[in-house]
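Since the structure comes first, as structure tokens, the remarks are kept for the end.
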Amino acid sequence: MFKNLSYVSISFIYINLLGYLFHIIVSRQLGPVKYGEFIVYYSLILVGSNVAGILGNISVKKIIENPELKFETLRFFRIFNLIVGLIFFLLIIIFSGIISDFLNLTGSFYLYLVALAILLALIVTPEKSLIQADKNFKSLSIINSTELTMRFFFAIILIFSGYEISGAILSTPFALLMVFFVLLYLNDHVFGKINPIHLKTIIITILYISPMSIVIYFDSIFVTRVFSYENAGIYGSFSVLGKTALYFCLTLFNVFFPEFLLLKDSKKMYKIIRLANILTFSIYIVIIIVVILVGKPIYEFLFGYQYISGFQYLVPYLIALIPLTLNSYNIGLLTVLEKYLPLIYFYLISYLAGFIILDLSKIIVYIGYIFLINFVFYLVFLIALFLSKKNHSI
């Protein structure tokens, strides 16, 4: 497991260095107003990518459970993900006007590009799932790093060619398309029998995993609805940096996830849970200390003086993300145990409702809400996991 964590960690560092450069270039070229709007489109793409990740986790789960039928299972999810991707694509196109009005966006065209990115993310996912199920994290890390490298260079070319927001968005589907063809060649086994997975099984797993994949983007999706475009851009700058810690922790969770599936009825699972929690707190503490000591000049260097007012919110935002990160873990664990589905959705609905109903027009209040509701539900999830442990007589 340590070797896999090392591969994933190295890949994560490389990917996020490119990610920083990507956002530095985009934010400086677009300015706070356009960058604030771009953050919403970018977050929608990430939500779609994580919906794809939901099906990816299901693919991993089913391939691990049916090792003798792994290629048949892969072929099933290739077809299934294509159908789901087309449904998402058409729904976004049809309701683009309503989405634009609700989130206070400037138009529908950019949402068409978002729809394309989500479609391709869903198509690519089964190919990556096979590699993850085989625990070949070295290859997976190389593939993810290559994808982000291509996205970065496509973004530079398109943005400096004058395409601005559309260029920044289009870089993602271009990179996904290239990676898809490479993975399809490597994984092969395109034709043959399929191992159909019962739709009820897929739906139940989706219902469990969906909240873990969506809640981490709620705060970024609603920024143009709650704040002015300029403040949305400021929020986008420090949230991009802050979420690096969250993404790192969730990337490590991808390594733990197959182990949880294999150990869900043993004492070792709860030992790994404790390890994951300790690791998460340690990561955040180190990052917060670094930000306090040397964060401000780095922040200004990355985004420029026009964004510097956002630095004062970075540490509070990192603190707010700790319970959100741990809740993402807890939902994943309850997914493995297949327990407490109503509780998971009560959390999802409660968290979402706050962004729509409450007055969160001040950035610090917005951050405070993220921390408070996630901390409360973190305690609730801990109780649920304790009861699950007790019921397993562990």
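The values are calculated or read from the model by the stated rules, or taken from the named source; none is laboratory data. None of these values were measured; they are calculated from a predicted model. A quick note on method: Cβ atoms are made from the backbone with ideal geometry, for glycine too, and the neighbour counts reach across all protein chains shown. The protein model used for the area step is the full one, side chains on, heavy atoms only, and it has no ligands, DNA or RNA in it. Shrake-Rupley method; radii C 1.70, N 1.55, O 1.52, S 1.80 Å.
Leu263 - would you say it is over 23 Å from Ile45 (Cβ atoms), modelled with pLDDT under 75 and surrounded by fewer than 19 Cβ atoms within 10 Å (Cβ to Cβ)? Yes; evaluated as a whole, the condition is true for this residue.
Residues in region 341-390 that are polar (S, T, N, Q) and modelled with pLDDT of 90 or more: Ser350, Asn374. Annotation for region 59-78: at least one member residue is at pLDDT below 75, surrounded by fewer than 22 Cβ atoms within 10 Å (Cβ to Cβ) and either of a type in the set (S, T, N, Q) or within 18 Å of the chain's Cα centre (by Cα) (or both). Within region 311-322, the set of residues being buried (at least 22 other Cβ atoms within 10 Å of the Cβ) and under 12 Å from Gly368 (Cα atoms) comprises Tyr317, Leu318, Ala320, Leu321. For region 214-230, does any single residue satisfy the condition of being in a helix (DSSP H, G or I) and modelled with pLDDT under 75? Checking region 214-230: at least one residue is in a helix (DSSP H, G or I) and modelled with pLDDT under 75. Selection within region 118-143: residues that are closer than 12 Å to Val182 by Cβ and in contact with a Lys or Arg (Cβ under 9 Å, 6 or more places away or on another chain). The member of this set that is modelled with the highest pLDDT is Glu127.
Filtering region 157-210 to residues that are among the small types (Gly, Ala, Ser) and either touching a Leu at 6+ places or on another chain (Cβ under 6 Å) or surrounded by 13 or more Cβ atoms within 10 Å (Cβ to Cβ) (or both) leaves Ser166, Gly167, Ala168, Ser171, Ala175, Ser210.
Within region 291-310, being small (Gly, Ala, Ser) and either under 20 Å from Lys271 (Cβ atoms) or surrounded by fewer than 22 Cβ atoms within 10 Å (Cβ to Cβ) (or both) holds for Gly295, Gly304, Ser309. Here the condition is being in the same structural domain as Ile10 (by the TED database), open to solvent by 30 Å² or more (accessible area, probe 1.4 Å) and assigned to a helix (DSSP H, G or I); of Ile87, Ile118, it holds for Ile87 alone. For the criterion of being open to solvent by 20 Å² or more (accessible area, probe 1.4 Å) and over 30 Å from Tyr163 (Cβ atoms), Phe102 fails. Before we move on, is Glu37 out of contact with any Ser or Thr (no Cβ under 7 Å at 6 or more places or on another chain) and either polar (S, T, N, Q) or outside the structural domain of Gly233 (by the TED database) (or both)? Spelling it out, it is not the case that Glu37 is out of contact with any Ser or Thr (no Cβ under 7 Å at 6 or more places or on another chain) and either polar (S, T, N, Q) or outside the structural domain of Gly233 (by the TED database) (or both).
On the stretch given as region 323-355, residues that are free of Cβ contacts under 8 Å to residues at least 40 places away in the same chain and open to solvent by 60 Å² or more (accessible area, probe 1.4 Å) total 3.
There is at least one residue in region 48-57 that is over 25 Å from His23 (Cβ atoms), outside the structural domain of Tyr307 (by the TED database), assigned to a helix (DSSP H, G or I) and of a type outside the set (A, V, I, L, M). Remark: pairs (first residue in region 86-113, more than 21 Å from Leu176 (Cβ to Cβ); second residue of a type in the set (S, T, N, Q) and modelled with pLDDT under 85; Cβ separation under 6 Å; 6+ apart in sequence or on different chains) = Gly97/Ser108; Ser100/Ser108; Leu103/Thr224; Asn104/Thr224.
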